[in-house]
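Below you'll find the structure, written out as structure tokens, and then a few comments.
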Amino acid sequence: MLGVGESDEEVLQTMKDLRSAGVDIVTLGQYMRPTKRHMKVHEYVTPEKFKHWEQVGNELGFLYTASGPLVRSSYKAGEFFISEILRKRSAAAAANAAKKENQNLRDIAATIATEERKKAIEDKI
């Protein structure tokens, strides 16, 4: 939870520590004071700052970073985790399929060119 008096350096170091510990999902949300008996909100974090932390999380290699004022630790984390992994796998599979198809087309073109050269040589003989 953000907005309890943490510095940017503390948030960044915590995210780095989580990543080096093998954590794949991180959620960052705004601390909201549940009752007057609880700690006061030190700062309301801007949507731009939450977006910044989401980008940092992605750059650090988290599989999923949920970052926003209303995000909570249970904020559809499992659903997002699975959908993000599936999206990345699907994109990788599509890229690999396209790469294989391009290689197949190059192989076919090379075979045709070789056959045409052989025929041209045979025609000259």
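The values are calculated or read from the model by the stated rules, or taken from the named source; none is laboratory data. Computed from a prediction, not measured in an experiment: that's the story for all the values here. Heads up, the Cβs are rebuilt from the backbone with ideal geometry, glycines too, and the neighbour counts pull from every protein chain shown. Remember, those area values only see protein heavy atoms, side chains included, never the ligands or the DNA or RNA. Shrake-Rupley method; radii C 1.70, N 1.55, O 1.52, S 1.80 Å.
Brief remarks on what is shown
- Note on the chain: semi-axes of the ellipsoid equivalent to its C-alpha gyration tensor, largest first and rounded to whole Å, are 56, 13, 11.
- Cross-link partners of LYS40 among aspartates and glutamates, defined as those whose alpha carbon lies under 17 angstrom from its own and excluding same-chain residues fewer than eight positions apart: GLU6.
- Mean residue ellipticity at 222 nm, helices only, the chain: -21500 deg cm²/dmol; runs of at least 4 DSSP H residues each add -39,500 (n - 2.57), and the sum is divided by the number of residues.
- Here the chain exposes an accessible surface that is 57 percent carbon and sulfur, computed with a 1.4 Å probe and the other protein chains kept in place.
- Once backbone amide H atoms are built at 1.01 Å from N, LEU28 has ALA66, SER67, GLY68 as its partners under 5 Å, excluding neighbours fewer than 5 places away on the same chain.
- For VAL45, no residue whose modelled amide H falls within less than 5 Å of its own remains once neighbours fewer than 5 places apart on the same chain are excluded.
- Leading residue at positive end of dipole, the chain (Cβ point charges), from THR14, ALA97, SER74: SER74
- Summary of the geometry: the range 12-66 and the range 91-122, compared by the centres of their Cα atoms, lie 49 Å apart.
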